[in-house]
1. Just to verify a result, which residue in the stretch 258-286, among those that are among the polar types (S, T, N, Q) and closer than 26 Å to Ala301 by Cβ, is surrounded by the most Cβ atoms within 10 Å (Cβ to Cβ)?
2. Do we find a residue being within 16 Å of the ligand (Cβ to nearest atom) and either within 19 Å of the chain's Cα centre (by Cα) or in contact (Cβ under 8 Å) with a residue 40 or more places away in the chain (or both) anywhere in the stretch 27-37?
3. Take the conditions under 19 Å from Ser326 (Cα atoms) and modelled with pLDDT of 95 or more and apply them to Ser102. Does it pass?
4. State yes or no: is Phe353 in a helix (DSSP H, G or I), surrounded by 14 or more Cβ atoms within 10 Å (Cβ to Cβ), of a type in the set (Phe, Trp, Tyr) and at pLDDT 95 or above?
5. For the stretch 181-205, which positions are of a type outside the set (Phe, Trp, Tyr) and either farther than 30 Å from Gln19 by Cβ or free of Cβ contacts under 8 Å to residues at least 60 places away in the same chain (or both)?
6. Of Leu272, Leu247, Leu252, which residue is closer than 30 Å to Leu305 by Cβ and in contact (Cβ under 8 Å) with a residue 60 or more places away in the chain?
7. Residues to consider are Ala216, Ala228, Ala190; find the one that is in the same structural domain as Met171 (by TED's automatic domain parsing), among the small types (Gly, Ala, Ser) and under 14 Å from the mean Cα position of the chain (by Cα).
8. How many residues, within the stretch 1-26, are within 28 Å of Ser172 (Cα to Cα) and more than 16 Å from the ligand (Cβ to nearest atom)?
Amino acid sequence: TRKFNFCAGPAAIPEAVLQRAQLEMSDWHDRGLSIMEMSHRSPEFVSVAQKAEADFRELMSIGDDYAVLFLQGGASSQFASVPLNLLGEKGTADYVNTGQWSKKAIKEAGRFCDVNVVASSENTSFSTIPAFDSWQLNKEAAYLHYTPNETIGGVEFFWEPQADVPLVADMSSTILSRQIDVNKFGLIYAGAQKNIGPAGLTLVIVRKDLLDRAQASCPAMFSYKTAAENDSMYNTPATYSWYLSGLVFEWLKEQGGVAAMEQVNARKAAKLYDFIDNSGFYANPVERASRSLMNVPFTLADSALDKAFLLGADESGLLNLKGHRSVGGMRASIYNAVPEEAVDALIAYMADFQQRNA
Ligand code: PLP
């Protein structure tokens with residue numbers, strides 16, 4: 001009875017993970033209680049937490065010179081935590097503006113420092129990525145922040161910016177979808193509710209030498225150093241989200257890890273973009289080299305058909321295809337937990353809808 005879920009987040013979770021969580025829901029490993037009801041400091045939960053971190057480190061090849069933090073507050077909290085923790089003595093940071101999430105990060109950072117927008121694609125309605133040689137980088141910046149995948153616009157970087165300052169990335173909607181070299185980054189953060197697990201958890205990967213730069217005024221709950229020193233248990237963490245994310249990491253390893261996911265994801269995205277491009281009815285506005293593997297926005301030839309498209313999709317078991325409220329149209333989010341059959345079913349529905357309505 002489960003349908004195909006194309007939601008941008010909270011997003012699909014692998015069915016096998018949900019089944020296992022269901023089995024363990026009220027009685028975890030014969031302990032007579034659920035994970036949700038355990039102390040976060042109990043040996044049982046600590047073992048779950050440590051296993052999740054170890055698996056995540058393995059999946060992303062994260063070295064010992066990085067701390068991995070399991071925080072709350074969503075990726076949006078990181079828009080403030082990043083400057084609070086990384087500005088150090090510097091009064092300025094570099095930001096790249098490639099869409100709605102970049103803009104939010106820029107606005108929030110503006111509360112704490114001078115924000116230097118090194119490049120922007122707003123003049124193309126965020127359908128491109130500004131060429132790197134046009135970026136106005138500042139050597140005095142505390143760090144360079146960018147959004148490798150813009151969830152709303154469907155624009156993705158397939159290269160990493162080169163900077164002399166620590167590189168900071170909001171990977172909320174691309175983390176674990178394809179291989180990346182963590183060593184190129186000073187800090188990576190991601191809200192969990194796309195490729196990691198349920199909402200309520202935010203993962204931060206931070207190079208340990210950056211942990212000493214926090215402002216004196218940085219609240220303890222926002223301090224990476226405090227979180228690192230307390231194994232992300234300075235206060236009560238989001239235990240159930242942490243546990244469930246651990247199950248997703250185990251599932252990812254069973255699938256062959258990130259390298260295997262990358263192949264499937266590339267295939268899924270290529271199929272969908274090919275179909276859209278050749279349809280003569282659907283369109284995707286993003287320049288080809290920067291099309292997101294995870295979030296595929298598309299429009300219909302006539303927006304008056306949008307409602308009928310969504311209604312029919314829903315009836316066909318294809319859920320949550322409505323585009324973000326700020327851009328309209330459609331958006332198919334095809335994260336790791338969205339199987340290739342879901343994309344095949346979507347394409348079949350789109351072809352049929354076109355035939356009936358073009
Ligand atoms: N950054 C990106 C790229 C996102 O896609 C989102 C949410 O969709 C956010 C930040 C905000 O995340 P949260 O709702 O966890 O604060």
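1. Here the residue is Asn284.
2. Within the stretch 27-37 (the criterion being within 16 Å of the ligand (Cβ to nearest atom) and either within 19 Å of the chain's Cα centre (by Cα) or in contact (Cβ under 8 Å) with a residue 40 or more places away in the chain (or both)), the answer is no, since none of the residues qualifies.
3. Yes, satisfied.
4. Yes, satisfied.
5. Asp181, Val182, Asn183, Lys184, Gly186, Leu187, Ile188, Ala192, Ile196
6. One residue alone meets the criteria, Leu272.
7. Ala190
8. Here the count works out to 14.
The values are calculated or read from the model by the stated rules, or taken from the named source; none is laboratory data. Quick caveat: nothing in here was measured; it's all calculated off a predicted structure. In this analysis, Cβ positions are derived from the backbone assuming ideal geometry, glycine residues included, and neighbour counts consider all displayed protein chains.
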